[in-house]
Every structure is written in structure tokens, then in C-alpha cells.
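Presented below is the structure to which this report refers.
Readers should treat all values here as calculations from the given coordinates under stated rules, not as data from a laboratory. Treat the numbers as computed from the prediction; the structure is a model and nothing was measured. Neighbour counts are summed over all protein chains in view; Cβ atoms, including those assigned to glycine, are modelled from backbone coordinates with ideal geometry.
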Amino acid sequence: METYMPISFLNDFIFCPYSLYLHQVFDDSNEEVFSAAPQQVGKRHHATIDNTPPKSRKLKLLKGIYVISHRLGIYGKIDTLHLDEGRLVESKYAITTLYQGYYYQLWAQYFALVEMGYVVKQLAFFSIRDRTTHPVALPGEVEFAELQQHIRLIAHYDFEQNFTPNPAKCAHCIYAALCDKTNTDHVYA
Ligand code: SF4
């Protein structure tokens, strides 16, 4: 049976590979139990954006739909696709740095939408807290190959191998209190 990878793994793996393992373990738990306060604030703001109807009824938006790419073997949800302009926007609560994992997520959403037959001409990130838009160039074949490589790396990662945690990341990880690789608790505890 074919298995498909959640698009969120593309960024989480870069933050910390072991967090993917913990995500699987605690997948069925109530996330409120272990989420740090900033993550919960971010999710609430994100939900507000998701549930806000367009100001003009003429605006054609697709929000929070599931997308899938059989070529890449990934699936996940997009934030907003502005159908008239073909503009795909990924919102995050507060963007201070555009990490490579963010790009991988947006590229994956883009390739999935195109494979599903949608027209996407523009990409952007939106920082909810400071209401700033960050335009992103459309990915091509080079980026597709880079994304494929990253997905393969995750798929073949051995979670039992020796692993040295990064305390700076652990301090900002929602799984820190539950993680057997560190004694660091997250800074929000
Ligand atoms: S607590 Fe540290 S080692 Fe554990 S998953 Fe989070 S970042 Fe990785």
C-alpha cells in the first residue's frame, strides 16, 4: 500500500527530525495538553483567518482545502487560494525568518494544486501579527527535485540512530516536556 507524507512534516523535520517521531506518538492526544502558549495563540489567530469570510462576496477563495500530490507522495491543507488571481497564500502567526522548511511546505502545496488542475500564478507568505506579505517565486523543476530529495530523506530517516538534540530548539519545542532526548523544558512552561 502506498503511504503519503503530511506536508507539515517537511518543515517539522528541519526543525528536529525526532519531533516527527513524537508527533506520531502523541498524534491522538489532545494537542492543548502539550502545546506551548505561543503555539496556541498562533493557532487561534490562524483559525480566525481561516474562518473569516471574504470582504467582498465577489472574491473567490478556497480556504483550508486538502491537496494531494501523487508525484511527490504528499498531502495536506492549504491556507488560501485566491482563484481569480491564482494566488496561493500560506499564513503564519509571526514570520521573522523565512526558513527553508516554510518554502518546502509552500512548494509542496503549489505542486499538489497544479497536479490537481488548479491554476496558480503567484505564491506568498502572510505574517498575521504584523500583517506583512512576503512574495515567493514560483518553483520550477530544480525546486521540484530538491523537494523530492527532502521527502526521500525524511522517508528513509532512522529514528533509532544516535541523535544529539539542540538545546536552543528544545527550549522552543512543544514536545520538550515529553521528549526522552532532552531534559530541557520549553521556555513557556
Ligand atoms: S525536545 Fe528537542 S530533541 Fe525533542 S523533539 Fe523537541 S527539539 Fe527534538
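Give the calculated FRET efficiency between residue 4 and residue 183 to the nearest 0.05, with a Förster radius of 45 Å applied to their Cβ-Cβ distance.
Numbers: r = 35 Å, r/R0 = 0.78.
The calculated FRET efficiency here is 0.80.
Using the Cα centre of segment 85-189 as the reference point, and only Cβ charges (+1 on K/R, -1 on D/E), how large is the resulting charge dipole? Debye, rounded to the nearest 20. Numbers along the way, then the final one.
Details: 8 positive and 11 negative charges, 75 e Å.
It works out to roughly 360 debye.
For 67, 142, what ranking results if the residue with the fewest other Cβ atoms within 10 Å of its Cβ goes first? Don't skip to the answer; put the middle values down first.
Numbers: 67 23, 142 8.
In increasing order of surrounding Cβ atoms, one gets 142, 67.
Greater than 26 Å separation of Cα atoms is the criterion. Which listed pairs, 92/181; 60/92; 77/121, meet it?
On the way: 92/181 28 Å; 60/92 21 Å; 77/121 18 Å.
Correct reply: 92/181.
Once fully extended, how much extra length lies between residue 96 and residue 77, figured as 0.36 nm per residue of separation less the alpha-carbon to alpha-carbon distance? Show your work: numbers first, answer last.
On the way: separation 19, 0.36 × 19 = 6.84 nm, distance 2.26 nm.
Between residue 96 and residue 77, full extension yields an extra 4.6 nm.
Roughly speaking, what is the stretch gain from residue 85 to residue 65, that is 0.36 nm per residue apart minus the C-alpha to C-alpha distance, in nm to one decimal?
On the way: separation 20, 0.36 × 20 = 7.20 nm, distance 1.74 nm.
Separation in residues times 0.36 nm, less the Cα-Cα distance, equals 5.5 nm.
Please report 172, 82 as a ranked list, fewest other C-beta atoms within 10 angstrom at the top and most at the bottom.
Values: 172 15, 82 18.
By the 10 Å Cβ count, ascending: 172, 82.
Net charge near residue 114: determine it from the other residues with C-beta under 13 Å of the C-beta of residue 114, scoring Lys and Arg +1 and Asp and Glu -1.
Values: positive: 71, 121; negative: 115, 141, 143.
Computed value for this residue: -1.
Rounded to the nearest 0.05, what FRET efficiency do residue 171 and residue 142 give with R0 = 22 Å and r taken as the Cβ-Cβ distance? Could you check?
0.05
At a 10 angstrom cut-off on C-beta neighbours, averaged per residue, how do the peptides 112-121, 16-25, 131-140, 156-165 rank from highest to lowest?
On the way: 112-121: 15.1, 16-25: 17.5, 131-140: 12.5, 156-165: 9.1.
Ranking the peptides 112-121, 16-25, 131-140, 156-165 by packing returns 16-25, 112-121, 131-140, 156-165.
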